[in-house]
């Protein structure tokens, strides 16, 4: 995504340095979908290059996805075979399972609604913090230093993030940082990960800590791409910093913001490691999310139901697939 | 490309009083940034300090009492030997290296085909691969595990996890490499073809040497992705003696529960390789992560 424009820029620089302007030979445009030309040998060679990758993808991604979709309609066993067609019963069971979907009280709970909490809180916190950091760091000399500190958690695994935050949230006020601070102000220590009412938010905060760096780096790069003249012109016209942010920066950042949002959304759909390590879905089932339910259902003797959850996850990613393809096609028009 | 949103460039202060005024008006920005940076740093620093304090100290007082306690590396030797993290470290390496190299090689080959050769349904196939980038690994757990079990127990060896990571790394690799390869000068490829170079020679001697930045970015992204992965290792590495560090940590958690001196040392060992990669290859690293953003 980022490397291609870099190369293009490097190439344009190269051609600039050439002494005589290159003679423009009108060439037929390489249009999308015109790949049937070429000799038989050429075609065979192309296929030979692509074959290993395509074979791996068919065997280990596409066929398994088909298998899982099919399995979602069976009541399966530990051998993962297609025993007993049950139609949509797996989906029905899931939505009757209070650990997965519970609307009997307010606020609704279960893995699905935990995931909704994740989508809303995690995405908005990451975006707000990332945007704020991008706008603020650009004004100081130690920009790269601050950025490194915020970005480091992106490098480490969710497992390590979980261990780090287990220590931060320790209910013992002599060990856990958060409770030590509360204690210092005269409050009582809270078992953040042991209470149904706080556990989800506690994990979300830990994951926001890990992901904000990504939002910051993307938005900061985009911010630097805004031509200085526009901002200067606005300042000359007497616009304040806030209205420059609201009326110039924010609209011009709408594309990178949507890119980051999509990335964060996929992250939320796939979030598993950090929950597995921090709470194992507990206390009870109160911090389960959809991806977590897939794991527990599959390996507690309900592969059919697990497959149904996987199908739900697949369906949730379909809009992103379409978006990726559309974006790719529109980029091609420009090149 | 040096356009930056740099406010100070507009009005660079000349006199001392101007400078003072600027420092005062800017101080909220500095304070906010320093507070945020401190919040971001504290959790990691807390873990690092805990990992070098003695057991008795970590059980009775917080990491902020660091100056009153003995510092020791014995937690690391305990976690490496007794708890088996040393062995798990090697397993992590052994899982990660082939899982990075295989998608790199297969991906580059396929990307060359999609960028510079012609065959039927080339672009349709490519679009399909773009779509595969975000397929959740969960859709492959059960069938892959079944396949590995029924074919000589690939999940009790490293082959299973290598194949699974290769398969799920490939779409991104193909996507990135193809988009990079297509920006190489067409004349270069055509000239090589005129000279009678075989397609493989063009691939090896022209395209690959020019594409090091793209290959490095993906390589680093995939390396860290596999190194940091817990979920796939939990499922596709069935032999306890072959489990990587991420899985080992979860076992330490159940054995040592509240003994943070061990957990912290283990956690830091897990972080050390990604941190080295981060500091040594920061530019490629950020590029790689940005490039990977289309996947997750």
(request) Taking residue A:217 as the residue in question, decide whether it is buried (at least 21 other Cβ atoms within 10 Å of the Cβ), over 18 Å from residue A:120 (Cα atoms) and touching a helix residue (DSSP H, G or I) at 6+ places or on another chain (Cβ under 8 Å). (result) yes
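State yes or no: is residue A:284 closer than 30 Å to residue A:77 by Cβ and touching a strand residue (DSSP E or B) at 6+ places or on another chain (Cβ under 6 Å)? Outline the logic, then answer.
Values: closer than 30 Å to residue A:77 by Cβ: yes; touching a strand residue (DSSP E or B) at 6+ places or on another chain (Cβ under 6 Å): no.
When the stated conditions are applied, residue A:284 does not pass them.
Residues B:49, B:31: which one is assigned to a helix (DSSP H, G or I) and farther than 15 Å from residue A:176 by Cα? Full working, then the answer.
Values: B:49 fails: farther than 15 Å from residue A:176 by Cα.
Just one listed residue meets the conditions, B:31.
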(request) State whether one or more residues within the range B:90-102 are closer than 28 Å to residue A:324 by Cα and either at the interface with chain A (Cβ under 9 Å from one of its Cβ atoms) or surrounded by fewer than 17 Cβ atoms within 10 Å (Cβ to Cβ) (or both). (result) yes
(request) Would you mind finding the one in A:211, A:170 that is within 19 Å of residue B:37 (Cα to Cα) and either within 8 Å of chain B (Cβ to nearest Cβ) or within 25 Å of the chain's Cα centre (by Cα) (or both)? (result) A:211
(request) Check residue A:239 against each of (1) exposed (fewer than 14 other Cβ atoms within 10 Å of the Cβ); (2) outside any helix (DSSP H, G or I); (3) at negative phi and name the one condition it does not meet. (result) (1)
(request) Inspect the range B:247-269 for any residue being facing chain A (nearest Cβ under 8 Å), within 15 Å of the chain's Cα centre (by Cα) and modelled with pLDDT of 85 or more and give the result as yes or no. (result) no
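Output yes when any residue across the range A:158-165 is touching a helix residue (DSSP H, G or I) at 6+ places or on another chain (Cβ under 7 Å), more than 9 Å from chain B (Cβ to nearest Cβ) and assigned to a helix (DSSP H, G or I), and no when none is. First the steps, then the outcome.
Of the residues in the range A:158-165, the ones touching a helix residue (DSSP H, G or I) at 6+ places or on another chain (Cβ under 7 Å) are A:158-165.
Next, only the ones that are more than 9 Å from chain B (Cβ to nearest Cβ) stay: none.
No, the range A:158-165 contains no residue that is touching a helix residue (DSSP H, G or I) at 6+ places or on another chain (Cβ under 7 Å), more than 9 Å from chain B (Cβ to nearest Cβ) and assigned to a helix (DSSP H, G or I).
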(message) For the structure I just gave you, tell me whether residue A:300 is more than 7 Å from every other protein chain (Cβ to nearest Cβ), without any contact (Cβ under 8 Å) to a residue 60 or more places away in the chain and within 14 Å of residue A:127 (Cα to Cα).
(response) no
(request) Looking at (1) buried (at least 22 other Cβ atoms within 10 Å of the Cβ); (2) closer than 18 Å to residue B:264 by Cα, find the lone condition where residue A:200 falls short. (result) (2)
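Please enumerate the residues belonging to the range A:64-94 that are within 7 Å of chain B (Cβ to nearest Cβ) and either at pLDDT 90 or above or touching a strand residue (DSSP E or B) at 6+ places or on another chain (Cβ under 8 Å) (or both). Before you say what the answer is, go through the steps one by one.
From the range A:64-94, those within 7 Å of chain B (Cβ to nearest Cβ) are A:64-65, A:67-68, A:71, A:80; that's our starting set.
Those that are within 7 Å of chain B (Cβ to nearest Cβ) and either at pLDDT 90 or above or touching a strand residue (DSSP E or B) at 6+ places or on another chain (Cβ under 8 Å) (or both): A:64, A:65, A:67, A:68, A:71.
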(message) I'm trying to understand the selection: among the residues of the range B:182-224, which are without any contact (Cβ under 8 Å) to a residue 60 or more places away in the chain, over 30 Å from residue B:94 (Cα atoms) and more than 9 Å from every other protein chain (Cβ to nearest Cβ)?
(response) B:187, B:188, B:190, B:191, B:192, B:193, B:194, B:195, B:196, B:197, B:201, B:206
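The values are calculated or read from the model by the stated rules, or taken from the named source; none is laboratory data. None of these values were measured; they are calculated from a predicted model. Positions of Cβ are generated from backbone atoms using ideal geometry, with glycine treated the same way; all protein chains shown enter the neighbour counts.
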